[in-house]
Each structure stands twice: as structure tokens, then as C-alpha cells.
Amino acid sequence: MNPNVLLAVIAIGIFLAQTVPAASEPPNIILIIADDVGREDIGAYGNKGVRTPNLDRMAQDGMTFTDAFDTCSSCSPSRCSIITSRYPHNTGAERLHMPLPADQVTFVEKLKAAGYWTAQAGKWHMGDAIKDRFDDVREDKLAKTGIQKDGSGCELWQLMLEERPKDKPFFLWLASHDAHRPYAENTLAVPHKPEDVWVPPYLPDVPETRKDLAMYYDEIGRLDSYIGKLMEDLKSRGLLDNTVIFFVSDNGRPFPRCKTTVYDSGVRTPLLAQWPGHIAPGSVCKSLVSTIDLGPTILQLAGLSPTQPTFQGQSIVPLLEDPKKTVRDKLFAEHNWHDFAACERSVRTKQFHYIRNYWPDLPGNPPADAMRGLTWQEMLKLRDAGKLTPEQMTCFLAPRPEEELYDIEVDPQQLHNLAGNPEYAAVLKGLRQQLEAWRNETQDSVPSPRPPDGFDRETGKSLKKGKKKPPEEG
């Protein structure tokens, strides 16, 4: 070969080597799903009373989303919504305990088809029909291992890392039972103190509520400890740098006016994302995000198309790259049957939150397991004694307003309904139209006939004859 040509070939090779990056390995991806953990009950979101050092470290090492929301505040419908990237009423599993139908498309099988090893460990709660979308399912209640279980649902997480194929990228769906009721004392060696908890204004600040919240904090602390173990395991195996990790909750805290409502306390979720070298440490994103956006995001991070025919969410990869960007200007949420008959829908913007109660004759009861907790039992006594504030009486109110409107900027806890205020008539009309347009687009409807309650609305006791032990309410 002519020496000049050879030199030219070498020069071109060096140039290409310097300008074209080598094909990187697809990242491993982990989605951690907490059970009934409210956004305001994690240290990274400003709670100084709860001990969550590992989640706080995840926020320091990655991105914190301030305005992330679930599509509903009910366990199984929320999980089915996340895995399909569809609103609950479009999944065929919109009510509590309904199994996800086999014809539903999930983002997991897309990863599996692309060569990912896909596995689940911990709480399942989506039925049997889609278990084949994963290579391995270790539903904690069914898995038989020699590992001592403590009720957290996190005990098998690290086992999945140990047993994974070493020649494939992996996706792990890691779900906890923490912080689902019932609660017990001494979950942690050093329990949280009742005097350290934050009591929201819609709950009575009495010893019983504080003790209830402290035990709830203990379960969050236990979950946090397992996240710390997972992070250390990833690091020791040399996997941390090429693993994208998301942390999210399926709904808000299991207390009155939280879980099973479409208020922020029911559907606003913590969302943390970490990927060393790709997501800026300590970054904060204030853009609106829905949990139906997680599926498309995960597919795009895996190098796959985030746009699928059945998906209703959209990728938030642009936000991971630049937290100042936006991908949506409004969010929708719903509440369907969860122990009790219910039909509520909402649309939320950065400033306003509009709620439509389709069965306003029914009170906004918390889930049945929360009704058997310390807080609700004390609220019944205080109600009968006339000692609850109007904000604390909302769970008992019947009939309720058909429409609710809140200005989030001045009323973040959504305590002052503006639907009847003429100054907000234009805002009310606009959001009402947006909600109806979304309902028409997604073919939403009010159930008919109305399904019966499964529990007593005062005591939380099962209404099914012969039922001695209450079932898990989600």
C-alpha cells in the first residue's frame, strides 16, 4: 500500500476513534415501589422527624421530583397503571384487587424481548396473568427461601442480584410492603418518637395520632434500610455506575384524607432518580410528572422506543437531562372502589386542582385498615364530642360538594374549596372542560350500578358474612 494512503487511513482511524464514542452497554434499571408512603414523609422532601438517610442520599446523588403524581391512590390499580402506562380505568384493573388482564401490554415484556433479564421481588398485587412478562417473579408471600422474613417485603431484593444472569442487562421491579398497615411497635431497634412526627392539619394533633404516625415512620425507616443494603450491594458488585434507579410510592400515607383520595396527600408521590454520570447530583425537577410516564422513560433509557400504541404516558428522559424542561402541563387522577364505593376524578395544573365527586352523597372514608388504626378510632371519639375542626371533619362529610377547586400556591393542603367563589369561575369552567375532554378521550364512565361497600364505614369491619379476619385492603 502506498505509504501516503496508509498514513491517511491511520489518520482517519484515529479521528474516528476520537470523535465517535464506543457503543455503551445498555444500563441496568431498577424500579423501587414503596407501599403507602407519602411524599411529605421522607427526609429529602423536608420532613425532619423521619429517618431516611439512604433515600436522602439518593436525592443527593440524583434528581428529586417535587411534583410527581400517581394516577390513583389505591395500591393494585396504581401498580397496574405504572406497569402498563395506562390510566386505571383503561387497564381493566381499576378497582382494588382486580387482576390485570392478560391482553394488557406492559413495558416489561418490551425490555425482555430486547434482551433484558426481567425480575420481580416483594409485593406483587397485579394478578397472575402477567407474571410471564418477567423472567423471574419472587412474590414474597409465595417465595420459599431460607431467608428470614420481617414483613417488609424487601427481604428477597438482594437475592435477585445474586441470582441474575451475568451476561445480560437487568430490570428489577422491587416492591415493598412497607409502610402498609397494620402497624406494630418496635419495628426498628430505635423507634421514632411521637414528638418528632409532623401532623397535617386535617388530622387531630393528639397522642394517638402521633403514636400512629411514629409507627408508620418506623416502617418507612425499615424500607430505607433495605434501600441502603441494595445500594451497597450494587456498589460492591461494580454495578452501581451503570444502573438507573427510580424510587416511587404507589399512593399516599394510609391515614384519613390521604390514601383513597385524589387530594395531593393521596396521589402526590415521592419520585427520586439516580444514575451516576448521567443524572446531575442534587438536581431538583419541579415539572409535573405522572407515574404512567415511568414505562416510556424506562424503555427510552434502555434504547427502545418510548412510544407504544397502548401507552398513555410519555418519557421524562428530557427532564433527567435538564430538570428545567417540562413534558406536560396537567395531570389526571382517579379514585374507584377501594373497600367502599367511590367515583372521583381530578385534573391538576401547577397552580390549581379541580376535583369532581360523582357520588357526593357518600363520605370520603379512608381505607378500612386505616379505620382500624389509632388515628381514626380517636377521630370517632373527637367527632362525637364535637372537638374536630372543619378540616378534620371532611372524612365524615355527607353530602360532599360535587366540585372542588383549590389554589395550590396559597392552599397547598387543599383545605379551602374555591368552587363556589365567583372570582374563580373562569378557572373552574376551564378545568371542568379539560377533565371532561380527558374522560371522553380515554372513554371513562361512571360505574352503573354502583358497587356495594365491602366494609362498615364507621368501624372498618368486613360486611361479608362469616368473615372473621379482615382481608388485606391494599
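For the charge dipole of the chain, defined by +1 on Lys and Arg C-beta atoms and -1 on Asp and Glu C-beta atoms about the Cα centroid, which residue among Gly146, Leu223, Thr297 has the Cα displaced farthest towards the positive pole?
Sorting the options by dipole projection puts first Gly146.
Could you give each residue of the stretch 107-118 its phi-based ³J(HN,Hα) in whole Hz, using Karplus coefficients 6.51, -1.76, 1.60 with θ = phi - 60°, and x for Gly or Pro?
My calculation for the stretch 107-118 gives 6, 5, 5, 5, 5, 4, 5, 8, x, 6, 8, 10 Hz in order.
Using the Cα centre of the chain as origin and beta-carbon charges of +1 (Lys, Arg) and -1 (Asp, Glu), tell me which of Gln274, Pro77, Phe455 is placed farthest towards the positive end of the dipole.
Phe455
About its Cα centre, what dipole magnitude does the stretch 300-451 give when the only charges are +1 on Lys and Arg Cβ and -1 on Asp and Glu Cβ, stated in debye to the nearest 20?
Details: 17 positive and 21 negative charges, 21 e Å.
For this selection, approximately 100 debye.
Between Gly454 and residues 5 or more places away or on another chain, which pairs have amide H atoms under 5 Å apart, with H built 1.01 Å from N, and which residues are they?
Close amide H contacts, sequence-distant or interchain: Phe340, Ala341.
Can you give the charge dipole size of the chain about its Cα centre, rounded to the nearest 20 debye, using +1 on the beta carbon of Lys and Arg and -1 on the beta carbon of Asp and Glu? Working shown, then result.
Numbers: 56 positive and 65 negative charges, 107 e Å.
It works out to roughly 520 debye.
Would you pull out the residues with amide H under 5 Å of Thr118's amide H, same chain only if 5 or more places away, H placed 1.01 Å from N?
Asp135, Asp136, Phe171
How much net charge surrounds Met231 when only other residues with a Cβ under 14 Å from its Cβ are counted (Lys, Arg +1; Asp, Glu -1)? Please list the in-between numbers first.
On the way: positive: Arg57, Lys229, Lys235, Arg237; negative: Asp56, Asp61, Asp224, Glu232, Asp233, Asp241.
In short, -2.
Which of the lysines could a cross-linker span from Lys330 if the Cα-Cα distance has to be under 22 Å and same-chain partners fewer than 8 positions apart are dropped?
Straight-distance partners of Lys330: Lys259, Lys286, Lys350, Lys429.
Can you work out the Karplus-derived ³J(HN,Hα) for every residue in the stretch 329-341? Use 6.51 cos²θ - 1.76 cosθ + 1.60 with θ = phi - 60°, whole Hz, and x for glycine or proline.
Residue by residue, the stretch 329-341 yields 10, 7, 9, 10, 9, 8, 9, 10, 4, 8, 6, 10, 4 Hz.
Quick note: the coordinates plus some simple rules give every number you see, no bench work behind them. These numbers come from a predicted model, not from an experiment. Note: ideal-geometry Cβ built from the backbone for every residue, glycine included; neighbour counts use all protein chains shown.
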